[in-house]
Structures are given as structure tokens and as C-alpha cells.
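The values are calculated or read from the model by the stated rules, or taken from the named source; none is laboratory data. Here the structure is a predicted model, which means the values were calculated and not measured. When we count neighbours, we look across all protein chains shown, and the Cβ atoms used for this are built from the backbone with ideal geometry, even at glycine. Side chains included, ligands, DNA and RNA excluded: accessible areas come from the protein's heavy atoms. Shrake-Rupley method; radii C 1.70, N 1.55, O 1.52, S 1.80 Å.
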Amino acid sequence: MADRFPPPPMKATREEMDTADVPYHYRDYCAHMWIDMKECRINNPFLWRTKCHHEVHLYNKCEYKEFKRRVAIALAEKERRGIALY
């Protein structure tokens, strides 16, 4: 099943995530975008909603794609086991 839904490459290393103080629940395939978004928010403390909208959008899109991949894996596993989908 891993061949059908390959995970994206991890672009942020463990050391980079430790340096950026990324919380453990954000350490997934989109961690590099979370780091960029956090840096933008720190650099633009009062105007981050207007200055960092691109970084926020990219991070949310990455998280959505990862969610869709996980749902596809879960559905394929249910189908393989013969469990009714609905």
C-alpha cells in the first residue's frame, strides 16, 4: 500500500525542527512550511495576517494534502480488509 500513496519527502531535519521549537504535533511532512510561517509571524508581529497570508496558505494547503493522503490510505486499508465503507 505504501507504493500507491508514497509520503512526501521530509524537508526539515530534526535539528532544524529542534532549533525552531516546532511542537511535536506539528512535526510532519509540512514542518518546513510551519517554520517559514512562524518566522514570518515573528518578523511581522502586528501585521502578520496581511504580510504572511502566502505562508499561511501554503502551510494549510500542505496539511490538507497530507490529510487527503491519510484518508486515502485508511479507505484503501478498509477496502483491503473488506469492511463496509459507509
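Which order do you get for Asp21, Asp28, Asp36 if you rank them by accessible area with a 1.4 Å probe, largest at the top? Show your work: numbers first, answer last.
On the way: Asp21 105, Asp28 20, Asp36 80 Å².
Ranked from most to least accessible, the order is Asp21, Asp36, Asp28.
Roughly how much of Glu63 is accessible, in Å² to the nearest 10, using a 1.4 Å probe?
The accessible area comes out at roughly 50 Å².
Order Tyr64, Tyr59, Tyr24, Tyr29 by their accessible area, 1.4 angstrom probe, all chains in place, largest first. Don't skip to the answer; put the middle values down first.
Working: Tyr64 130, Tyr59 20, Tyr24 185, Tyr29 60 Å².
Sorted descending by solvent-accessible area, the residues read Tyr24, Tyr64, Tyr29, Tyr59.
Relative to the longest principal axis of the C-alpha atoms of the chain, give the angle of the C-alpha long axis of helix 53-81, reported between 0 and 90° and rounded to the nearest 10°.
Taking the Cα atoms of the chain, the angle to 53-81 is about 10 degrees.
In the chain, how many lysine pairs have Cα atoms under 19 Å apart, counting only pairs 8 or more places apart or on different chains?
Numbers: Lys11/Lys38; Lys11/Lys61; Lys11/Lys65; Lys38/Lys51; Lys38/Lys61; Lys51/Lys61; Lys68/Lys78.
The result is 7.
Gain in length, Lys65 to His53, computed as 0.36 nm per residue apart minus the alpha-carbon separation, to one decimal in nm? Intermediate results must be reported in sequence, preceding the final value.
On the way: separation 12, 0.36 × 12 = 4.32 nm, distance 1.82 nm.
Once the chain is fully extended between Lys65 and His53, it gains 2.5 nm.
How large is ³J(HN,Hα), in whole Hz, for each residue of region 34-48 in order, when computed from phi with the Karplus curve 6.51 cos²θ - 1.76 cosθ + 1.60 and θ = phi - 60°, using x for Gly and Pro?
So the J values, rounded to whole Hz, are 5, 5, 4, 5, 5, 4, 5, 5, 6, 6, 10, x, 9, 10, 5.
Taking the Cα atoms of the chain, what is the range of coordinates along each of the three principal axes, in descending order and whole Å?
Largest to smallest, the principal-axis extents are 52, 28, 18 Å.
Ignoring ligands, DNA and RNA, what percent of the 1.4 Å accessible area of the chain is carbon and sulfur? Write out the running numbers ahead of the final one.
Numbers: 3880 of 6880 Å².
Looking at the chain in its full context, I get 56 percent from C and S.
Under a crude label model (7 Å from the Cα following the beta-carbon direction), how far is Thr19 from Arg41 in nanometres?
2.0 nm
Nearest 500 deg cm²/dmol is fine: what mean residue ellipticity at 222 nm does the chain get from its DSSP H runs of n ≥ 4 alone, each adding -39,500 (n - 2.57), divided by its residue count? Don't jump to the answer; show the numbers that get you there.
Numbers: 4 runs with 52 residues, N = 86.
About -19000 deg cm²/dmol.
Please get the size of the charge dipole for region 1-54, origin at its Cα centre, with Cβ charges of +1 on Lys and Arg and -1 on Asp and Glu, quoted in debye to the nearest 20.
Values: 8 positive and 8 negative charges, 56 e Å.
Result for region 1-54 is approximately 260 debye, rounded to the nearest 20.
Multiplying the sequence separation of Ala76 and Phe5 by 0.36 nm and subtracting their Cα-Cα distance, what value in nm do you get? Walk me through the numbers before you get to the answer.
Numbers: separation 71, 0.36 × 71 = 25.56 nm, distance 0.99 nm.
Stretched out fully, the Ala76 to Phe5 stretch lengthens by 24.6 nm.
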